[in-house]
Amino acid sequence: MRESRQIAIGDVKIGGGAPISVQSMTITDTRDVDATVHQIKRLEAAGCDIVRLAVPDMDAAKAIGKIKEQTTIPIVSDIHFDYKLALEALNQGVDGMRINPGNIGAKYRIKAVVDGVKERNIPIRIGVNSGSLEKDILKKHGSPTAEALVESAMRHVQILEDFDFHDIKISVKSTDVKKMIKAYRLLGESTNYALHLGVTEAGTPKMGTIKSSIGIGSLLADGIGDTIRVSLTGDPVEEVFVGLNILKSIGMRNNGIELISCPGCGRLEIDLMKLVSDVEQRVSGYDLERPVKVAILGCVVNGPGEASEADIGIAGGRGKGMLYKDGKLVRSFKEEDIVDELVKEIESSFVN
Ligand code: SF4
């Protein structure tokens, strides 16, 4: 496991042995406070630890305070170039900032931002992407190679260190999974700052999930990385869902629901695919004290035996659902009530 220097975004610790956190980014117009608050709440309910908002102009920066009043999850402002937006985001109480100091311009501007984050104890993420490298670095390396991404990141780091600022995390994202993996490995050897992992512009939920799982998953499996963001084209709640499941699949989050479901066969008597997908959406964000196995089986022939192996099991068929707990039949209900009854049982048994 790579040792990293710990920072905190709000009450979420990153690096230094803290649990790997899952981040996402809103796709609403930040100036639309109601829509943004609504999306942040959905992300939080799905299990998101930190959310990032784009701050393209002063109105968006000024909206942060109102958004924070109505939400509890730590908020990171994503700012490009304009130091005044960064200062306003700080005034509005943002918890973290993504800004590349090399793009801010004159030294006095960088100093103003660094003084502001120091005063409020706010960390900065340096976020380097393959699509936005400095011209001279691109020229030197010929293309956005892993080495180029790392060189760019370390240049930004140097600027902050020159101001004696060290509450930093770094990302070096590429759309190319192999390049992204190599860049983070190189970066991990070059510095002990916390690393924010992601494959940039990963694509549709299907392809993006595969690319992110390979890129983020292989680095985490090697002990590299402190916080993750899966980026997908679509509902950001899906990003959280994928991120949490990457962590679960490599044993880094054992505080959720492990959903087990049968593949279905000629005996299938319910709409299993819809049922599993509805349950998955409802339970993915739970933060439980121990892992809980929930089984969903599609018939009343083999289902009961298999459902009884889990903490909670549902065997569906012949228009009803039978709920098993610790191997014993607890109750049965109409098929259309299966999702609500199952969620109710999980919440009353395992959610504080
Ligand atoms: S539980 Fe029933 S429907 Fe599901 S695979 Fe087994 S026999 Fe088929």
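The figures follow:
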read-out	value
Selection count, the stretch 47-80, where residues are more than 27 Å from ILE246 (Cβ to Cβ) and either touching a residue at least 60 places away in the same chain (Cβ under 8 Å) or polar (S, T, N, Q) (or both)	1
Selection within the stretch 287-310 - under 10 Å from ILE257 (Cα atoms), surrounded by fewer than 20 Cβ atoms within 10 Å (Cβ to Cβ) and in contact with a strand residue (DSSP E or B) (Cβ under 6 Å, 6 or more places away or on another chain)	PRO291, LYS293
Test result for GLY285, modelled with pLDDT of 90 or more, away from the ligand (no atom under 16 Å from the Cβ) and within 21 Å of LYS13 (Cβ to Cβ)	no
Unique match (being over 12 Å from the mean Cα position of the chain (by Cα) and not charged (D, E, K, R)) among ILE7, ILE20	ILE7
Single residue of the stretch 297-315 satisfying the filter (more than 9 Å from the ligand (Cβ to nearest atom) and in a strand (DSSP E or B)) that is nearest to GLU345 (Cα to Cα)	ILE312
Near pairs, Cβ below 7 angstrom, 6+ apart or cross-chain, from the stretch 260-272 (within 16 Å of GLU335 (Cβ to Cβ)) to any residue that is of a type in the set (Gly, Ala, Ser) and surrounded by fewer than 18 Cβ atoms within 10 Å (Cβ to Cβ)	LEU272/GLY264
Selection count, the stretch 197-218, where residues are surrounded by 21 or more Cβ atoms within 10 Å (Cβ to Cβ), within 18 Å of LYS248 (Cβ to Cβ) and hydrophobic (A, V, I, L, M, F, W, C)	2
Matching residues in the stretch 5-27 - criterion: being β-branched (Val, Ile, Thr) and either on the phi > 0 side of the Ramachandran plot or buried (at least 18 other Cβ atoms within 10 Å of the Cβ) (or both)	ILE7, ILE9, VAL12, ILE14, ILE20, VAL22, THR26
Among (1) in contact with an Asp or Glu (Cβ under 9 Å, 6 or more places away or on another chain); (2) buried (at least 22 other Cβ atoms within 10 Å of the Cβ); (3) not aromatic (Phe, Trp, Tyr) - the single one LEU186 does not satisfy	(2)
Residue check, VAL330 surrounded by fewer than 19 Cβ atoms within 10 Å (Cβ to Cβ), away from the ligand (no atom under 16 Å from the Cβ) and β-branched (Val, Ile, Thr)	yes
Residue under evaluation GLN281, criteria (1) of a type outside the set (A, V, I, L, M); (2) out of contact with any strand residue (DSSP E or B) (no Cβ under 9 Å at 6 or more places or on another chain); (3) assigned to a loop (DSSP other than H, G, I, E, B), criterion not met	(3)
Selected residue [assigned to a loop (DSSP other than H, G, I, E, B) and either more than 26 Å from ASP311 (Cβ to Cβ) or within 16 Å of the ligand (Cβ to nearest atom) (or both)] from ILE260, ILE224	ILE224
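Quick grid of which residues meet (1) surrounded by 23 or more Cβ atoms within 10 Å (Cβ to Cβ); (2) touching a strand residue (DSSP E or B) at 6+ places or on another chain (Cβ under 9 Å):
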position	(1), (2)
VAL37	no, no
ALA45	no, no
VAL51	yes, yes
ALA54	no, yes
ILE64	yes, yes
ASP78	no, yes
ASN91	no, no
PRO101	yes, yes
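The values are calculated or read from the model by the stated rules, or taken from the named source; none is laboratory data. Given the structure is predicted, the values throughout are model-derived calculations rather than measurements. A quick note on method: Cβ atoms are made from the backbone with ideal geometry, for glycine too, and the neighbour counts reach across all protein chains shown.
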